[in-house]
1. With a/c under 1.5 counting as rounded, go ahead and sort the range 21-83 into rounded, prolate or oblate using the C-alpha gyration tensor (a ≥ b ≥ c being the square roots of the eigenvalues; past the cut-off, prolate if a/b is larger than b/c, else oblate).
2. Just to verify a number: FRET efficiency for residue 263 and residue 36, C-beta to C-beta distance, R0 = 35 Å, to 0.05?
3. Just rank 225, 40, fewest to most, by other beta-carbon atoms within 10 angstrom.
4. Would you mind ranking 357, 208, 180 by Cβ crowding within 10 Å, fewest neighbours first?
5. Quote the FRET efficiency, to the nearest 0.05, computed for residue 181 versus residue 313 with a Förster distance R0 of 35 Å and r equal to the Cβ-Cβ distance.
6. Taking a ≥ b ≥ c as the square roots of the eigenvalues of the Cα gyration tensor of the range 222-278, is the shape rounded (a/c under 1.5), prolate (a/b larger than b/c) or oblate?
7. Only counting other Cβ atoms within 10 Å, I'd like 334, 184, 352 sorted with the fewest neighbours first.
8. If I stretch the segment between residue 252 and residue 217 completely, what's the gain in nm (0.36 nm per residue apart, minus their alpha carbon distance), one decimal?
């Protein structure tokens, strides 16, 4: 049995000490056990799990009385023991480009941010896995927020349900099936390091991929890690989703500052783990995320080193113009510099798209997520000092 990948972090128990149990986030096996404990006969438990599962995750129902294929007495019993609850939306912002950002509140009064990005051929939801972040990446606004705790499976899958509520995307029972998806892709690129909350992320994604519920393909889900090497292979084996890595530098000296986890698992160690990734094929390439920071990691020499690092790894490079935030110690690379960098990568045979900045006017762009209660608590001088740099003008 694999040991949990943790960093002495805390997760709120799935069942609170008092009151009804929330069914959102329970695996099928856990849901079965909970129903039996509440009086469901064992012979009926599998059928009941299937029925309730569909009501919650296929139809988006939150009220037991609406589960019309269950007897009234059984619905009443369910209501005595269980609830169906998702995170509370505290704030909803819509960018001029259509991007939506939700500030949601979870157990304990904590807040996390979720972003929905509509595009012509897809709709991508960027979800969070932790309250705050343990990694303190110096270019990332979330990294300046104190880490609080891991999110539970229910709080993770609940973010998807929040977005489907807002998009009006739950189908109507009995209506003709519509395969059009406003929310077609999930990226675990929000607040937190997903692989430091591996088991909860895994269970939430299993629920999301279940064919009798939300039913998103594993190839529609991308998990982004900063490089938690021991959990990389497990991601392929136990989740099966696509993998992205927050790379951002081509030397250990620079990556130690930008992505401090590099001090624990350096570039060489990370690349070895990526080369051995079990699902690595040309059709399921690893995405190397690379934020473009002026004068820090954007030289031609960096581009050529990056190409050497990619040797033998089916990969693409996603170039991300640095999204500035109040107090940020860095500046965005110029458009000319970004395009020159991208061209070197492309000429070496790797796709190197430049990510279009989305939702910047509502602080929803990559690297900008931070809960409202923690936003801008550190001064520009403090952030620069932590990054080992002179304060930005």
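1. rounded
2. Efficiency computed from Cβ-Cβ geometry: 0.15.
3. In increasing order of surrounding Cβ atoms, one gets 40, 225.
4. In order of increasing Cβ crowding within 10 Å: 180, 357, 208.
5. 0.70
6. Note, shape of the range 222-278 comes out prolate.
7. Ranked by crowding around the Cβ, least crowded first: 334, 184, 352.
8. 9.1 nm
Readers should treat all values here as calculations from the given coordinates under stated rules, not as data from a laboratory. This structure is a prediction, so every number in the text was calculated from the model and none was measured. Virtual Cβ from ideal backbone geometry, glycine too; neighbours counted across all protein chains shown.
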